[in-house]
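One structure coming up, written as structure tokens, with questions to follow.
Please treat every number below as a calculation from the coordinates, not as lab data. No experiment lies behind these values; they were computed from the predicted model shown. No Cβ is skipped: glycine too gets one built from the backbone with ideal geometry, and neighbour counts run over all protein chains shown.
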Amino acid sequence: MSIFTQPLKKVLSICLWSLCVSSFNASAAQVSAEPSSEAAHAEHSMNWPGIYYGYLPCEDCNGLKTTLALNKNNSYILITQYVGKSPREYVEKGKFIWSDKHNTIILNAKNGTDKHYYYVDENGLVQLDNHGERIAGKDADRYHLVRTEVTKNPPEQHGMH
């Protein structure tokens, strides 16, 4: 059985389509904040656009199933589900900016108050606390989202001869 539910597969397909369209859209929207030279270096030196997933720690559930799609035009789609608590998937869309902090992005929710911070590295994303700092403690290594390889071509199918 797949770890993704059917509705999540549909959303991931939409995210993948969105990534493809945004990568070819030369007139993509610009973010108003100018990133620092360090942030701009991270933005241009790493292959960060893609879909990231993982199970983040949750105090009152079995884990927070998280899927985050980052697009080249600095838009994002964040899908979360409280595993063992509710089958409902929460979808958030918006724009992100590159922080002045090294390799850090800030997701700006449409409601204007919620912000999510992630450190971008070659292997994925690390969720940061509400101040953009690394989360410490015994579960610190569990705040990691892995980049999927959904952009690879599917294996060639061989028909019966």
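Can you pull out the residues in the range 67-79 that are in a strand (DSSP E or B) and either of a type in the set (Phe, Trp, Tyr) or under 14 Å from Phe96 (Cβ atoms) (or both)?
Correct list: Leu68, Ala69, Leu70, Ser75, Tyr76, Ile77, Leu78.
Just give me the residues in the range 67-87 being of a type in the set (A, V, I, L, M, F, W, C) and on the phi > 0 side of the Ramachandran plot, in sequence order.
Result: no residue meets the conditions.
For the list (1) exposed (fewer than 14 other Cβ atoms within 10 Å of the Cβ); (2) in contact (Cβ under 8 Å) with a residue 24 or more places away in the chain, I need the number of the one condition that Thr113 fails.
(2)
Please specify each residue of the range 46-66 satisfying the condition of being over 12 Å from Leu125 (Cβ atoms) and part of a strand (DSSP E or B).
Residues satisfying the conditions are Tyr55, Gly63, Leu64, Lys65.
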